[in-house]
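The values are calculated or read from the model by the stated rules, or taken from the named source; none is laboratory data. Worth saying up front: this structure is predicted, and the values here are computed from it rather than measured. Cβ atoms come from the backbone with ideal geometry, glycine included; neighbour counts cover every protein chain shown. Accessible surface is based on the protein model in full, side chains and every heavy atom, while ligands, DNA and RNA are left aside. Shrake-Rupley method; radii C 1.70, N 1.55, O 1.52, S 1.80 Å.
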Amino acid sequence: MGEIKKTLSQAILERRATPSFDGTPIPEEDLRQILDAGLHAPSGYNMQPWRFIVVQSPEQKKRLRAASYNQGKVEEASAVIVACGDADGWRKDIDLMLQQGREGGMPESYAAQAADSVTAYLSSFTHDQMTAWLNKHVMIAFTSMMLMAEVLGYDTAPMEGFEQDKVCETLRLPMSYWVVAQLGIGHLKGPDKFNGGRFDLSHTVFAEEYGKPLR
Ligand SMILES: Cc1cc2nc3c(=O)[nH]c(=O)nc-3n(C[C@H](O)[C@H](O)[C@H](O)COP(=O)(O)O)c2cc1C
């Protein structure tokens, strides 16, 4: 286990989207702990449709930067985790999900119901619905990784500024993969970005129904 440098609440409140990294390598053990945090995320029916490509080699980071509107932090980060969803993952993984579930005590009645529901639900999706479904799951795992990295004392940069086709080509991703976001991890170089602040709770949170303020 890597050394805990911040509490979760400090990590959440002090995190900034890192503008520039110093490029020092990230120890294998810390990277594993960060990845593991993401893999523990919840998902609908535990289908875990996320897939991650960890990019650390200078050559591959350079290519990834070219696919990411030339954002310098892609090349400077110690590691870039490219977070993807696999639209066909559930078809291949449903038996594995049920097998692991049974090993953990999943009742047979649940397994039978899940097998039917997952297939009926996900096979009915349009392309856009599948993309939305992948996005929501991948981002939970992504956020868990980002916060674990911050807790371990790293700086992070979430990124959506990339060209889907170019990233797919650079990483040789299967056709069923959808790239959701990239997470740069490393140590801040130079000054941190400004703190943009956040909208007040009264602007974004309502009580019981839309428009009613939370008191
Ligand atoms: C999903 C996502 C994608 C983002 N993509 C980029 C990006 O491509 N390039 C960039 O410089 N910042 C990117 N950001 C960082 C945001 O600009 C930043 O989070 C926001 O301005 C708030 O700043 P803060 O995170 O430092 O509080 C992204 C953030 C998120 C959550």
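This model, with +1 at the C-beta of Lys and Arg and -1 at the C-beta of Asp and Glu, gives the stretch 63-215 a dipole about its Cα centre of some 380 debye. Note on exposure: V80, V205 ranked by accessible area (1.4 Å probe, complete protein assembly) read V205, V80, with the most exposed listed first.
Evaluating kT/(6 pi eta Rh) at 25 °C and 0.890 mPa s, with the Kirkwood radius of the chain over Cα pairs in the Stokes-Einstein relation, gives 129 µm² s⁻¹.
For the stretch 84-215, give the percent of accessible area contributed by carbon and sulfur heavy atoms, probe 1.4 Å, rounded to a whole number. Answer for the stretch 84-215 is 54 percent, counting heavy atoms of protein chains only. In this structure, the amide hydrogen of A79, modeled 1.01 Å from its nitrogen in the peptide plane, lies closer than 5 angstrom to those of I185, counting only residues at least 5 positions away or on a different chain. Using a probe of 1.4 angstrom and keeping all protein chains present, the accessible surface of the stretch 32-162 works out to 47 square angstrom per residue.
Along the stretch 134-149 the Karplus relation, 6.51 cos²θ - 1.76 cosθ + 1.60 evaluated at θ = phi - 60°, assigns HN-Hα couplings of 5, 4, 5, 6, 4, 5, 5, 5, 4, 5, 4, 5, 4, 6, 5, 4 Hz to successive residues, with x for each Gly and Pro.
Ranked by the mean number of other Cβ atoms within 10 Å of their residues, highest first, the peptides 151-158, 90-97, 125-132 fall in the order 151-158, 90-97, 125-132. 3J(HN,Hα) along the stretch 16-33: 10, 6, 6, x, 7, 10, 8, x, 4, x, 9, x, 3, 5, 5, 4, 4, 5 Hz, from the Karplus curve 6.51 cos²θ - 1.76 cosθ + 1.60 with θ = phi - 60°, whole Hz, x for Gly and Pro.
Across the stretch 94-102, computed HN-Hα scalar couplings (Karplus, 6.51 cos²θ - 1.76 cosθ + 1.60, θ = phi - 60°) run 4, 5, 5, 4, 5, 4, 5, x, 4 Hz from first to last residue, x flagging Gly and Pro. Positive contributions from Lys and Arg (+1) and negative ones from Asp and Glu (-1), summed over other residues with Cβ under 15 Å from the Cβ of D155, come out at +1.
What the Kirkwood sum gives for the stretch 70-158 is a hydrodynamic radius of 15.8 Å, with every pair of different alpha carbons counted. Of the residues A77, N46, Q99, the one whose Cα sits farthest towards the positive end of the charge dipole of the chain is A77 (charges of +1 on Lys and Arg Cβ, -1 on Asp and Glu Cβ, taken about the Cα centre).
Given Cα pairs under 8 Å that are at least 6 residues apart, what percent is the relative contact order of the stretch 22-164?
With pairs under 8 Å counted, the relative contact order is 38 percent.
In terms of the mean number of neighbouring beta-carbon atoms within 10 Å, the peptides 45-56, 17-28, 138-149 order highest first as 138-149, 45-56, 17-28. Highest mean packing first, where packing is the average number of other Cβ atoms within 10 Å per residue, the peptides 159-169, 179-189, 66-76 line up as 179-189, 66-76, 159-169.
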